[in-house]
1. By average Cβ neighbour count within 10 Å, what is the ranking of B:41-52, B:371-382 from highest down?
2. Around B:Glu292, which amide H atoms from residues at least 5 apart in sequence, or from another chain, sit under 5 Å from its own amide H, with H modelled in the peptide plane?
3. Roughly how crowded by other chains is peptide B:294-306, in terms of the mean Cβ count from those chains within 10 Å of each of its Cβ atoms?
4. With +1 on each Lys and Arg Cβ and -1 on each Asp and Glu Cβ, how big is the dipole of the protein assembly as shown about its Cα centre, in debye rounded to the nearest 20?
5. Provide a whole-number value for the mean count of partner chain Cβ atoms within 10 Å of the Cβ atoms in peptide A:30-42.
6. What size of dipole, in debye to the nearest 20, comes out for segment A:3-83 about its Cα centre when the only charges are +1 on Lys and Arg C-beta atoms and -1 on Asp and Glu C-beta atoms?
7. How big is the charge dipole of chain B about its Cα centre, in debye rounded to the nearest 20, if each Lys and Arg gets +1 on its Cβ and each Asp and Glu gets -1 on its Cβ?
8. A 21 angstrom limit on the alpha carbon distance is what I want to check against. Which of B:Lys23/B:Lys55; A:Lys47/B:Lys258; B:Lys258/B:Lys290; A:Lys91/B:Lys214; B:Lys66/B:Lys233; B:Lys230/B:Lys252 exceed it?
Amino acid sequence: MFLINCPYCGERDQSEFSAGGEAHIVRPKQPTELSDDQWAEYLFMRKNIKGVQFERWNHAHGCRKWFNMVRDTSNDKIHAVYKMGENPPIK
Amino acid sequence: MPNKYSIFSLIKNSFSYHENWQKAWRDPEPKKQYDVVIIGGGGHGLATAFYLAKKHNIKNIAVVEKGWIGGGNTGRNTTIIRSNYLWDASAGLYDHALKIWEGLSQELNYNVMFSQRGVMNLAHNLQDVRDLKRRTHANRLNGIDAVWLNTEEVKKFCPIINTSPDIRYPVLGGTLQRRAGTARHDAVAWGYARGADSMGVDIIQNCEVKGIKKNGDSVEGIETTKGYIKSKKIGVVAAGHSSVIANMVDIKLPLESKPLQALVSEPVKPIIDTVVMSNAVHAYISQSDKGELVIGAGTDAYVSYTQRGSHDVVEGTLKAILELYPIFSRMKMLRQWGGIVDICPDASPIISKTHIKGLYFNCGWGTGGFKATPGSGDLFAHTIANDEPHKLNADFNINRFVSGDLVDEHGAAAVAH
């Protein structure tokens with residue numbers, strides 16, 4: 001449990017947000033040409049990192065907008081918050 | 001077994017004021033090489049080593065554990081054991097485990113305090129009723145005991161439940177598996193550790209795995225904080241940290257690791273003699289032999305390895321508990337904790353070979369692995385020893401995420417994951 005600085009609303013309780021999982025997984029451009037292995041990779045396989053992870057969040061009980069976040073999953077510290085479509089501010 | 005526990009050993013040791021009991025297992029330094037190395041000294045890992053030694057006659061085995069044995073999810077769960085799963089594959093897997101549980105204390109010569117006090121799952125709306133009735137039928141077709149109880153029968157079986165029709169989520173009935181129940185979770189880890197150790201398995205605690213060495217397409221050994229250990233077969237049973245190990249060899253798993261919480265109350269006199277679970281309002285409760293109410297809460301909805309959980313999750317669970325059991329309104333909660341559970345998209349486990357020769361994974365048990373401990377160990381031992389799955393875990397192959405042949409227990413298993 002932590003506070004999240006929504007890029008549209010400011011700092012709010014994490015319980016207002018819902019987590020959308022790993023960020024920057026690009027939807028396949030030509031889905032008809034994908035093999036089963038590539039589909040499995042896209043749909044199911046996750047890095048599930050212990051450490052700094054890039055992820056998507058939605059301010060479900062607020063502005064209802066999606067955004068990205070950089071968070072350390074080993075201690076829940078948030079390093080950066082940035083809007084959808086923007087490049088991550090940290091490598 | 002060198003020091004068999006019995007009434008005679010108890011009497012003998014009473015003469016020396018119980019000060020001369022032998023250690024239950026050794027504390028060895030790692031050897032240079034093993035036939036099989038198991039990563040993870042929880043219940044599943046220790047059971048795997050036990051059955052490898054007992055049934056497959058492999059004696060040169062090490063279990064490496066970064067903390068202490070049973071200090072992870074084995075010692076953090078709410079100890080519920082049941083096998084009333086919907087799908088055939090799951091029913092086979094979990095009932096295999098339940099059958100081993102029934103004779104486990106004798107097999108291990110260690111009292112795991114397995115108590116078949118029954119597990120009841122409540123229905124709160126018409127869809128719950130339909131789903132749970134369907135599940136009892138499916139269970140019975142698979143030879144698993146299950147009965148449907150109407151509201152009056154629920155009240156009779158567990159009188160402290162509020163079955164008033166005017167609560168927010170009224171109790172419309174429930175299912176009961178009488179063979180289900182609870183066990184002492186620490187004793188399961190200790191019993192398997194003692195049993196495995198007596199057959200020569202080295203249990204190496206405080207030994208963290210830092211890397212896995214490959215030669216081409218097969219594994220050669222592991223780098224640990226206690227040095228390099230050679231082994232041609234490595235079984236990974238690291239629960240919430242499975243992805244961390246997988247990332248060492250560039251394998252991606254379909255897992256997300258999340259904190260799952262539980263809490264216990266102050267101890268009170270016996271008040272609830274069964275296990276009651278409710279999917280719709282997410283509350284499960286039982287009472288330990290010490291008298292504490294053992295309450296299972298939900299997972300946080302985001303990836304985290306912090307071994308704690310959010311307060312709002314506990315609050316939601318306790319609200320549901322109080323609505324169903326108003327008698328507990330003045331109970332004080334004593335302890336709360338979290339464990340990191342590795343959840344698969346279909347809420348079923350992975351007990352599987354990988355594309356790397358000699359590397360096996362047993363993971364993805366999510367929020368419900370404890371109940372499967374003996375069966376999981378038995379089937380994983382079979383998979384490692386024969387380099388191919390047993391027919392009971394063939395469906396829990398990692399390739400099901402490629403073929404699409406999922407074992408979807410997410411909504412079906414009568415548990416809110």
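1. Numbers: B:41-52: 31.2, B:371-382: 27.1.
Sorting B:41-52, B:371-382 by mean packing, highest first, produces B:41-52, B:371-382.
2. Long-range HN contacts for B:Glu292: B:Val268.
3. Values: counts 0, 0, 0, 0, 0, 0, 5, 7, 14, 12, 11, 9, 7.
If you average over the peptide's residues, the count of other-chain Cβ atoms is 5.
4. Numbers: 60 positive and 53 negative charges, 143 e Å.
Using Cβ point charges on Lys, Arg, Asp and Glu, the protein assembly as shown gives about 680 debye.
5. Neighbouring Cβ atoms belonging to other protein chains average 2 per residue here.
6. 260 debye
7. Details: 47 positive and 41 negative charges, 156 e Å.
Roughly 740 debye, rounded to the nearest 20.
8. B:Lys23/B:Lys55; B:Lys258/B:Lys290; A:Lys91/B:Lys214; B:Lys230/B:Lys252
Bear in mind these aren't lab numbers, they're just calculated from the coordinates by the rules spelled out. These numbers were taken from a predicted model, which means no experiment stands behind them. For neighbour counting, all protein chains shown are included, and Cβ atoms are generated from backbone atoms with ideal geometry for every residue, glycine included.
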